[in-house]
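In what follows, a single structure is set out as structure tokens and then discussed.
Coordinate-derived values only; no laboratory data. Small disclaimer: the values here were computed from a predicted structure and weren't measured. Using ideal geometry, Cβ is built from the backbone for each residue, glycine included, and neighbour counts are taken over all protein chains shown.
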Amino acid sequence: MSTIDPLMFGQRVRYFRKRAGMTLDDLGSLVGKPAPYLSLLENGKREPKLGVINDLSVALGVDAGELLRPEAPTRRAELEVTIERAQRDQAYRDLGLPYLKPGSRIPDAALEHIVRLYEELRGRDAAASFTRDEARAANAQLRAEMTARGNYFAEIEHLAAEAVDAIGYSGQGAMSKGDLNALASHFGFTVTRTPDVPASVRSVTDTRNGKIYVHGRDSFDSKQARSVILQTLGHFALDHPDPKDFGEFLRQRVEANYFAGAVLVPEASAVPFLLDAKTNRNLSVEDLKDRFFVSYEMAGHRFTNLATQHLGFGTHFLRSDAQGIIWKAYSNNGVPFPKNSAGAIEGQRLCREWGTRQAFTSDARFTIHYQYTDTSEGTFWCATFVETAHEPAHAITVGVRFEDARWFRGWNTERHSVSKCPDGACCRFVSEEAAERWNGYAWPSVRPNSHVLAAMPVETIPGVDMVEIYEFLTRQENGAFD
């Protein structure tokens, strides 16, 4: 009997008793139990025995299964159960409020308010307790799933293909502004560029009026705007609900970004292009970038989506800054990324010998830096491009194992380094000579980073001020419909 929910069982007994027009005394006379006992039962303070359940079902004229169903019989009953459970929650008890009995004299509207306030309390408490390490753990879990499936999402490829077919986009060359507007219209939206979009967001969508607002051309160039609009449309194409936690927020971002890439670089046209380049041993992320007029980062992402599925080898992808801090990473080829104790890659520092860091001082900094790197897990070849449009500048790297480098332009590079990180004498250990010379004589002043002091994240959608968003939409609506 331990599987019975006493609160819900009691509500169902009360519902069927009142429907039958019985008082507690009436029901008690039929089942041989006093009214106070039945009152405790209906209030969820007594757990029923099997014999009592059978007697109640006979007396009330309903099947025993009806009394044991886990759903509340009415919205009112659901509210009463929710409030009873809420008052047992430590977050609620910490408020120091007296016990509230949700009796019949309290109107439904008041109970709705109390339940909603409790849900907000629980939501904020959950968001605040979601620490930086938990966020990294959620990210690590998502990256592991991406690795297991070769970073290929067949269902999103299918949705993207349907979308571009619906507007007649051939996938040959860059997607035009007209194609983009047609795609937005296909999903029921129009796109408006305006300079006063809040700085904390890339876009704001007004679902009531079917408008997507993005930053003006002074903030977003055409490549950035296309990606942002398509990422926004991706949420609707994939039917994303509001994220309930940070892990779901991350997953939705990955899926929406994937959708944008699959529209801008369609599988149907990109795969033949890549297979032809592989045949000629001339694969290049740069060519994919130029063919579809996307950023190097988008082209790199798209390459990792398609390589394992269609080209037959694993890849790795990196985006990092000049200090070697990883902002984004993906791998299914065994490259030894640095990880923290939770298995997270983002936020870790790369070895100074890796091509991703070497590119910042390379003679090929403004073209493509090709390099082989020996690691504890084998030798890897990579191509790195430094995108100076970012602030700070970021290096974008796509790499493969040594044996797969032969398919790529730049395979014959003579740049070669050895990385022994995280073990052995490498870039993380001060030499004895330097230590002897400077120990006790050097005191660095660390550049302050506000995010170091922040608990990441404090909201389900981190960094977004919803007051600012709502004020922006109100201004837009008033301006549009005055």
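Miscellaneous remarks
- Residues whose amide H lies under 5 Å from that of Y152, counting only those 5 or more places away or on a different chain, are absent; hydrogens are built 1.01 Å from N in the peptide plane.
- When the Cα gyration tensor is reduced to axis lengths a ≥ b ≥ c, the ratio a/c stays below 1.5 for segment 1-73, which is therefore classed as rounded.
- Just so you know, the Cα atoms of segment 284-360 work out to an Rg and Dmax of 13.3, 41 Å.
- T379-R352 FRET efficiency (beta carbon distance; Förster radius 22 Å; 0.05 resolution): 0.80
- Estimated [θ] at 222 nm from DSSP helical runs (n ≥ 4, -39500 (n - 2.57)) normalised by residues in the chain, nearest 500: -14000 deg cm²/dmol
- In degrees, nearest ten, helix 132-148 long axis to first principal axis of the chain (Cα): 70
- Between E433 and L68, the contour length at 0.36 nm per residue exceeds the Cα-Cα span by 123.7 nm.
- For S417, nonlocal amide neighbours, meaning residues 5 or more places apart or on other chains whose placed amide H falls under 5 Å from its own, are Y372, T373, D374.
- Placed amide H near I325: partners under 5 Å, 5+ positions off or other chain: L350
- Packing-based exposure ordering (other Cβ within 10 Å, fewest first) of H186, H215, H158: H158, H186, H215
- With at most 14 other Cβ atoms within 10 Å, longest stretch of the chain clear of loop chymotrypsin sites (Phe, Trp or Tyr not before Pro) (DSSP): 100-365
- In Hz, Karplus ³J(HN,Hα) per residue of segment 348-363 (6.51, -1.76, 1.60; θ = phi - 60°; x = Gly, Pro): 8, 9, 6, 4, 5, 7, 6, x, 4, 8, 4, 4, 5, 10, 6, 6
- Karplus 3J(HN,Hα) series, Hz, for segment 231-246 with 6.51 cos²θ - 1.76 cosθ + 1.60 (x for Gly, Pro): 5, 5, 4, x, 4, 7, 4, 8, 6, 6, x, 4, x, 8, 7, 5
- With 21 Å as the limit, the listed pairs K45/K101; K211/K244; K278/K328; K223/K289; K177/K328 have K211/K244; K278/K328; K177/K328 beyond it between alpha carbons.
- For segment 325-430: rounded, prolate or oblate by the Cα gyration tensor [a/c cutoff 1.5]: rounded
- Label positions at Y37 and D5, each projected 7 Å from the Cα along the C-beta direction, are separated by 2.6 nm.
- Angle of helix 466-481 to the longest C-alpha principal axis of the chain, folded into 0 to 90 degrees and rounded to 10: 90°.
- Rounded to whole Å, the principal axis extents of the Cα atoms in the chain read 95, 64, 46, largest first.
- Loop trypsin sites (Lys or Arg not before Pro), segment 1-89 (other Cβ atoms within 10 Å of the site Cβ: 11 or fewer; DSSP): K49, R88
- Annotation: for a label point projected 7 angstrom from Cα along Cα→Cβ of H158, residues of segment 235-265 with backbone N closer than 15 Å are 238-239.
- Loop-located GluC sites (Glu not before Pro) in segment 65-94 (DSSP state other than H, G, I, E, B) with a sparse environment of at most 11 neighbouring Cβ atoms within 10 Å: E71.
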